[in-house]
Amino acid sequence: MPLEKEAYFGEIDRSKHGLVPVAQVQSYKGLIFGNFDPDAPSLVDYLGDVKWYLDVWLDAMPGGTSLVGETQKIDFPTNWKFPVENVCGDGYHLGWAHHAAMQAVQTMDLAGLRAGNADASGLDMGMSVAGLNGHMVLAALDGQSGYAFYPNPKPFVDYLEANRSKVVERLGAVRAQKLWGSQLNITIFPNLQLLPGLNWFRVYHPKGPGKVEQWTWAMTENDMPNDIKGMILDNQCLTFGPAGLFDNDDGDNLAACTEQSRGWRTAQMDLYTHMALGHSARREGFPGDIATGLVSEHNQRYFYRRWQELTGAASWKDVPSYNLNRLASEG
Amino acid sequence: MGIQENHELQHLLDLRALEDALYREARLLDEERFTDWLDQTAEDIIYRMALTSRRFRKDRAPPLVLGSGYIFNDTRDRLALRIKRLQSGYVWAEDPPNFVRRVVSNVEIVPTSVAAEMQVYSVISIHRSRIDSQARSLIAGREDCWRKVEHRWLLARREIRLDHSTVPDTNLNVFF
């Protein structure tokens with residue numbers, strides 16, 4: 001320490017001014033989490049049954065996963081909860097907010113992903129999963145729709161089919177056939193999202209009221225051949241990078257939502273999130289409280305509910321823990 | 001006029017034509033005349049903006065195996081795809097149209113070993129005035145290759161270096 005004697009007169013107690021230790025550091029299948037709160041639940045308990053869905057991405061193939069390319073950072077004026085909400089459950093905005101991008105790049109005509117919300121057919125092709133301690137999943141169930149927005153989906157579909165039997169062995173038939181390869185939006189409460197298929201990994205850093213810095217990476221399975229990994233990095237940037245054809249639709253919507261909600265009169269209103277309220281249930285073979293389809297506000301409700309539970313609790317003891325409709329094998 | 005003078009005059013005319021091409025493309029883009037802008041590019045254009053990160057000077061980490069990735073990694077077809085999206089009438093972030101003005105500066109034109117190609121350095125500043133009082137300024141350096149085809153200079157390659165470690169805007173619905 002320079003000039004410790006001369007400038008501090010030897011009176012500084014260095015043992016009291018070091019870096020604050022991170023109270024808990026734990027990892028789950030390659031993802032490392034740190035927590036400053038020694039009383040927080042363990043990572044495994046915190047994640048709960050969303051692990052069943054996370055494994056479809058982190059543990060489908062034996063080699064695990066990696067982030068590729070540089071960090072994609074973008075700064076925008078929005079409340080941090082809006083982008084999370086947008087991805088965690090909002091299938092409703094796809095066909096309208098991204099109408100132009102979908103027309104431009106969609107290569108697979110998949111029911112439920114129709115541009116312009118033009119028709120309601122196939123709305124039941126996916127599911128909205130919540131009731132997992134604030135974690136959420138939006139899932140198509142066709143086993144390939146994750147690659148519907150690639151210029152040439154064939155190499156990806158070939159990769160999926162060549163390896164699907166291996167995934168059946170590792171994860172069982174339900175996850176291997178219905179979820180692996182499907183577009184999945186996985187949200188780890190509060191600010192981490194993983195999207196197998198579109199293949200990105202994103203963390204939102206709140207920077208004060210109405211400000212967020214969004215960090216995105218492309219994510220690949222390590223067992224993928226290098227040419228496929230390269231195509232993923234390229235397509236992830238094209239669709240959800242800083243100049244991404246899809247991402248460039250969302251940012252302004254979210255900024256406008258934030259701006260409009262600040263109005264004196266608007267701020268006195270409740271947010272209406274009742275779409276499909278009361279229309280969720282247990283679904284055989286899948287953990288969680290599940291609403292049919294990608295279009296509902298089921299997940300958003302659970303997201304805000306968790307936020308309310310946490311902000312209203314004095315300590316972790318007061319925070320409810322729930323993993324609804326557990327699978328028998330999950331205990 | 002001798003051959004030497006003729007050659008020098010032609011070089012000056014080329015410099016003038018290239019500068020005009022840079023200013024013209026800035027105006028075409030400001031006016032959202034995207035198709036006219038695309039017409040000023042070569043069939044085999046490579047239009048790129050690499051993702052970068054700030055690293056300590058001492059950082060000797062090897063380059064990433066798959067490369068850094070690109071914010072723009074566009075061929076002519078992909079530029080056309082972006083233009084198709086922008087012209088679809090469904091890009092809500094651009095409706096009403098934003099005020100966009102480009103300033104091109106620090107132009108430096110260097111001959112290459114190929115007679116019909118010039119290396120062109122420039123700096124572009126893009127001003128965007130958007131929602132209410134929101135204004136954004138984007139700055140980038142550009143290194144281009146321009147090719148003369150039948151008396152016209154066409155943009156054949158552009159490497160854009162965005163000088164922001166965090167993109168300070170909600171979208172990059174703009175060409176640099």
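Quick notes
- When A:202, A:170, A:175 are checked against the criterion of being among the charged types (D, E, K, R) and under 20 Å from residue A:43 (Cβ atoms), a single residue qualifies: A:202.
- Taking the criterion of being farther than 12 Å from residue A:273 by Cβ, in contact with a helix residue (DSSP H, G or I) (Cβ under 7 Å, 6 or more places away or on another chain) and buried (at least 16 other Cβ atoms within 10 Å of the Cβ), the residues of segment A:285-306 that qualify are A:287, A:291, A:292, A:293, A:294, A:295.
- Conditions (1) within 14 Å of another protein chain (Cβ to nearest Cβ); (2) under 22 Å from the mean Cα position of the chain (by Cα); (3) of a type in the set (A, V, I, L, M); number of the one not met by residue B:28: (1)
- Residue A:145 being crowded, with 17+ Cβ neighbours inside 10 Å and of a type in the set (Ser, Thr, Tyr): yes
- Members of segment A:176-208 found to be within 22 Å of residue A:311 (Cα to Cα) and either touching a strand residue (DSSP E or B) at 6+ places or on another chain (Cβ under 7 Å) or within 11 Å of chain B (Cβ to nearest Cβ) (or both), listed by number: A:187, A:188, A:189, A:191, A:192, A:193, A:203, A:204, A:205, A:206, A:207
- Single residue of A:245, A:254, A:277, A:310 found to be within 14 Å of chain B (Cβ to nearest Cβ) and either assigned to a helix (DSSP H, G or I) or farther than 26 Å from residue B:95 by Cβ (or both): A:254
- Residue ID - farthest from the other protein chains (Cβ to nearest Cβ), chosen from residues in segment B:91-142 that are of a type in the set (S, T, N, Q) and within 12 Å of the chain's Cα centre (by Cα): B:122
- Qualifying residues in segment B:47-65 (those that are more than 10 Å from chain A (Cβ to nearest Cβ) and in contact (Cβ under 8 Å) with a residue 24 or more places away in the chain) - the one nearest to residue B:79 (Cα to Cα): B:47
- Annotation note: of A:173, A:162, A:140, A:218, the sole residue that is in contact with a strand residue (DSSP E or B) (Cβ under 9 Å, 6 or more places away or on another chain) and at pLDDT 95 or above is A:218.
- Candidates B:21, B:61, B:50, filtered to the one that is out of contact with any Asp or Glu (no Cβ under 9 Å at 6 or more places or on another chain) and at pLDDT 95 or above: B:21
- Some residue of segment A:209-216 being more than 11 Å from chain B (Cβ to nearest Cβ), part of a loop (DSSP other than H, G, I, E, B) and free of Cβ contacts under 8 Å to residues at least 12 places away in the same chain: no
- Extreme residue, nearest to the other protein chains (Cβ to nearest Cβ), among residues of segment A:257-272 that are surrounded by 10 or more Cβ atoms within 10 Å (Cβ to Cβ) and either within 16 Å of residue A:131 (Cα to Cα) or charged (D, E, K, R) (or both): A:259
- Residue count for segment B:118-154, restricted to those that are more than 25 Å from residue B:31 (Cα to Cα) and crowded, with 17+ Cβ neighbours inside 10 Å: 1.
- Odd one out for residue A:119 among (1) at pLDDT below 95; (2) crowded, with 22+ Cβ neighbours inside 10 Å: (2)
- Qualifying residue in segment B:38-48 (condition: within 30 Å of residue B:68 (Cβ to Cβ) and among the aromatic types (Phe, Trp, Tyr)): yes
- Of note, residue A:247 satisfies the criterion of being surrounded by 20 or more Cβ atoms within 10 Å (Cβ to Cβ) and charged (D, E, K, R).
- Residue A:230 vs. criteria free of Cβ contacts under 8 Å to residues at least 24 places away in the same chain, part of a helix (DSSP H, G or I), within 11 Å of chain B (Cβ to nearest Cβ) and of a type outside the set (Phe, Trp, Tyr): yes
- Cβ-Cβ under 9 Å pairs, at least 6 apart or on other chains, segment B:82-100 side among the hydroxyl-bearing types (Ser, Thr, Tyr) and surrounded by 20 or more Cβ atoms within 10 Å (Cβ to Cβ), far side at pLDDT 90 or above and in a loop (DSSP other than H, G, I, E, B): B:90/A:98
- When B:133, B:122 are screened for being at pLDDT 95 or above, over 23 Å from residue A:70 (Cα atoms) and of a type outside the set (A, V, I, L, M, F, W, C), only B:122 passes.
- Unmet requirement for residue A:321, which otherwise passes all of (1) assigned to a loop (DSSP other than H, G, I, E, B); (2) in contact (Cβ under 8 Å) with a residue 60 or more places away in the chain; (3) over 30 Å from residue A:39 (Cα atoms): (3)
- Summed over segment B:143-176, the residues that are touching a strand residue (DSSP E or B) at 6+ places or on another chain (Cβ under 7 Å), more than 9 Å from every other protein chain (Cβ to nearest Cβ), assigned to a loop (DSSP other than H, G, I, E, B) and farther than 13 Å from residue B:47 by Cβ give a count of 1.
The values are calculated or read from the model by the stated rules, or taken from the named source; none is laboratory data. What you are looking at is a predicted structure, and each value in this text was computed from that prediction instead of being measured. Note that we place each Cβ from the backbone using ideal geometry, even for glycine, and neighbour counts take in every protein chain shown.
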